[in-house]
Amino acid sequence: MANTISYAPGTVVVLVGTKRGLFILSSKDREKWDVAAPVLKGRRIFNAILDQRNGQRLFAADNGDFFGNFLRYSDDFGQTWQEPEEGIQFPEDSGEKLKNIWVIEPGRRDEPGTVYVGVDPANLWVSNNGGRTWELNAGLAAHPTRARWEPGAGGLCLHTIIPDPSNAARMWIGISAVGCMRTDDGGQSWVFANKNTRTDFLPEKYPEFGQCIHRLVQHSTQPDVLYQQNHCGIYKSTNAGDDWTDIQQNLPSDFGFPIALDVHHPDTVYTVVEDPQGRQNVSPQFMVYRTENGGEQWEQLTQGLPGGNGVVLGVLRHGMCTDTINPCGVYVGTNTGQLFASRDRGDSWSLIADFLPPIYSVTASVVV
Amino acid sequence: MDSTGAIPIVKVSFPIALRARIGNRDSVKAVGRTVREIIDALDHDFPGLRFNLCHETGELRPFVNIFLNRENIRYLQGLDTPVSPEATLYILQSVAGG
């Protein structure tokens with residue numbers, strides 16, 4: 001019988017989804033980190049979260065190379081895994097085939113059984129029983145413009161889900177390359193929220209849809225404020241996505257994938273912009289960028305981060321996150337298997353894991 | 001179906017990656033007249049197995065190979081390939097990935 005795994009309250013648990021398994025790191029002080037042996041070994045784990053609304057359940061997006069894609073969950077920190085009774089599989093008559101499971105997002109605090117999943121081909125799946133059974137969101141599946149949706153390089157992926165904690169009927173999603181969409185009626189219908197975000201790769205620069213949004217975050221105290229990292233810019237909205245303002249300012253590139261926010265100082269936002277051709281650090285110094293004024297000005301964070309001619313690093317859209325401790329921790333995983341962490345809001349960094357497989361996602365939770 | 005009219009019972013051999021699905025065995029017996037019926041029977045006994053092998057739209061996953069004895073069913077009649085009682089089906093993952 002396997003030893004029971006548990007973590008003391010206050011422990012930070014970082015889940016790292018990689019090309020070849022799920023890694024679980026833990027720390028009581030965010031200085032010394034334990035790196036456990038991978039679970040779901042060998043599988044492409046696009047995303048993993050720890051849901052603590054009702055117990056402690058790990059969810060993982062297991063995109064196998066050969067035998068299908070499965071949403072899996074574990075109540076013992078990865079020692080054993082379950083499959084849903086009715087999983088994420090399109091109806092046979094839909095003509096759709098599940099390509100990848102991209103993101104898992106817990107529902108609101110007062111809906112502890114609700115979990116959302118975004119997939120390729122871009123669709124939203126919902127469970128209301130903690131992952132045991134899943135339903136396809138019909139409103140998005142039947143969107144009247146769907147036939148004109150085009151994929152990004154990574155696929156037609158629904159990669160971001162934000163259930164508004166202040167409004168049970170409102171949610172945002174991000175789809176590459178369709179853009180940001182919002183529902184104001186609990187998912188029955190969806191509108192585009194792309195005004196003033198660019199598509200430099202299309203003849204029309206500001207279409208209604210077709211944007212390649214990479215990631216989206218919501219302000220933790222002002223629910224109408226959103227930030228997005230896009231293929232063509234970094235933007236802020238103060239009206240729930242009705243329109244957007246370009247906040248690239250002094251960032252050296254408009255291209256990047258991840259974006260994250262300090263929940264205690266929500267005008268503090270982090271991004272990792274890249275050379276758009278090489279998808280790597282713009283200069284030989286790898287940097288994380290931080291604004292502390294909602295995008296008016298960005299600063300370069302480099303202390304403890306590598307630099308030099310041989311430093312060529314990329315961070316994918318789910319490869320950065322923050323924790324909920326104050327001062328917040330920031331975690332950045334590269335597509336070459338390095339995991340960097342800061343325990344002081346990004347002022348300084350440490351390499352807490354290396355030689356991992358390419359990192360797809362990083363999520364951090366504080367054990368309750 | 002053989003000459004007596006009975007529906008064939010065939011042996012189905014599984015790759016390591018799928019053995020947990022079938023109770024940690026390397027092979028099982030299944031009843032069916034075609035590969036498709038065999039898969040249906042297996043999915044009845046081991047729920048979820050069809051999704052391991054086939055897309056929702058019914059076709060075999062691209063990196064899954066099924067051999068009827070020594071022949072890849074992709075070069076026979078695909079999932080509609082008929083099976084006989086003495087046959088063995090081999091489910092294998094193709095040489096792919098990276």
- Message: Looking at the stretch A:76-86 only, could you name the residues that are modelled with pLDDT of 95 or more and more than 9 Å from every other protein chain (Cβ to nearest Cβ)?
- Response: A:76, A:77, A:78, A:79, A:80, A:81, A:82, A:84
- Item | Selected residue [assigned to a loop (DSSP other than H, G, I, E, B) and of a type in the set (Gly, Ala, Ser)] from A:61, A:8, A:48 | A:8
- When residue B:79 is run through (1) buried (at least 19 other Cβ atoms within 10 Å of the Cβ); (2) at positive phi, the failure sits at (2)
- Just name the residue that is nearest to residue B:88 (Cα to Cα) out of those in the stretch B:55-70 that are loosely packed, with under 13 Cβ neighbours inside 10 Å and away from chain A (no Cβ under 11 Å). B:69
- Task: Determine which member of the set A:132, A:148 is more than 19 Å from the chain's Cα centre (by Cα) and surrounded by fewer than 14 Cβ atoms within 10 Å (Cβ to Cβ).
- Result: A:148
- Task: Among residues belonging to the stretch A:185-197 that are in a loop (DSSP other than H, G, I, E, B) and touching an Asp or Glu at 6+ places or on another chain (Cβ under 8 Å), point out the one that is nearest to residue A:246 (Cα to Cα).
- Result: A:196
- Identify, from the list A:98, A:124, the residue that is part of a loop (DSSP other than H, G, I, E, B) and under 21 Å from the mean Cα position of the chain (by Cα). A:98
- Confirm whether residue A:103 is touching a residue at least 60 places away in the same chain (Cβ under 8 Å) and in contact with a His (Cβ under 8 Å, 6 or more places away or on another chain). yes
- Query: Which of the residues spanning the stretch A:87-117 are within 10 Å of another protein chain (Cβ to nearest Cβ) and either surrounded by 22 or more Cβ atoms within 10 Å (Cβ to Cβ) or touching a strand residue (DSSP E or B) at 6+ places or on another chain (Cβ under 9 Å) (or both)?
  - Reply: A:87, A:88, A:89, A:90, A:91, A:94, A:96, A:98, A:99
- Query: Within the stretch B:71-98, how many residues are of a type in the set (S, T, N, Q), more than 11 Å from every other protein chain (Cβ to nearest Cβ) and either farther than 22 Å from residue B:29 by Cβ or without any contact (Cβ under 8 Å) to a residue 60 or more places away in the chain (or both)?
  - Reply: 3
- Residues of the stretch A:30-56 being touching a residue at least 12 places away in the same chain (Cβ under 8 Å), within 24 Å of residue A:350 (Cα to Cα) and either in contact with a helix residue (DSSP H, G or I) (Cβ under 8 Å, 6 or more places away or on another chain) or surrounded by fewer than 20 Cβ atoms within 10 Å (Cβ to Cβ) (or both), which ones? A:31, A:33, A:35, A:36, A:38
- In the stretch A:219-240, anything out of contact with any Leu (no Cβ under 9 Å at 6 or more places or on another chain) and on the phi > 0 side of the Ramachandran plot is listed as A:233
- State all residues of the stretch A:209-257 that are in a strand (DSSP E or B) and over 20 Å from the mean Cα position of the chain (by Cα); if no residue qualifies, say none. A:245, A:246
- Task: Please state which of the following conditions residue A:182 fails to meet, knowing it meets all the rest: (1) in contact with a helix residue (DSSP H, G or I) (Cβ under 9 Å, 6 or more places away or on another chain); (2) in a strand (DSSP E or B).
- Result: (1)
- Task: Return the total of residues in the stretch B:15-42 being farther than 18 Å from residue B:84 by Cβ and either within 12 Å of chain A (Cβ to nearest Cβ) or touching a strand residue (DSSP E or B) at 6+ places or on another chain (Cβ under 8 Å) (or both).
- Result: 9
- Limited to the stretch A:156-210, what total is found for residues that are crowded, with 17+ Cβ neighbours inside 10 Å and small (Gly, Ala, Ser)? 7
- Message: Among the residues in the stretch A:11-18, are any under 24 Å from residue A:316 (Cβ atoms) and in a loop (DSSP other than H, G, I, E, B)?
- Response: no
- Item | Near pairs, Cβ below 9 angstrom, 6+ apart or cross-chain, from the stretch A:247-268 (in contact (Cβ under 8 Å) with a residue 60 or more places away in the chain and closer than 17 Å to residue A:233 by Cβ) to any residue that is among the small types (Gly, Ala, Ser) and surrounded by fewer than 22 Cβ atoms within 10 Å (Cβ to Cβ) | A:257/A:314
- Query: What pairs come up if the first residue lies in the stretch A:57-70 and is away from chain B (no Cβ under 14 Å), the second is outside any strand (DSSP E or B) and among the charged types (D, E, K, R), and their beta carbons are under 9 Å apart, counting only those six or more places apart or on different chains?
  - Reply: A:57/A:75; A:58/A:75; A:58/A:76; A:60/A:43
- All positions within the stretch A:65-82 that are within 27 Å of residue B:59 (Cα to Cα) and among the acidic types (Asp, Glu): A:65
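Hey, does the stretch A:7-25 have a residue that's surrounded by fewer than 18 Cβ atoms within 10 Å (Cβ to Cβ) and either in contact with a helix residue (DSSP H, G or I) (Cβ under 9 Å, 6 or more places away or on another chain) or more than 30 Å from residue A:327 (Cα to Cα) (or both)?
Within the stretch A:7-25, one or more residues are surrounded by fewer than 18 Cβ atoms within 10 Å (Cβ to Cβ) and either in contact with a helix residue (DSSP H, G or I) (Cβ under 9 Å, 6 or more places away or on another chain) or more than 30 Å from residue A:327 (Cα to Cα) (or both).
The values are calculated or read from the model by the stated rules, or taken from the named source; none is laboratory data. Just so you know, these numbers come straight off a predicted model, no measurement behind them. Backbone-built Cβ (ideal geometry, glycine too); neighbour counts: all protein chains shown.
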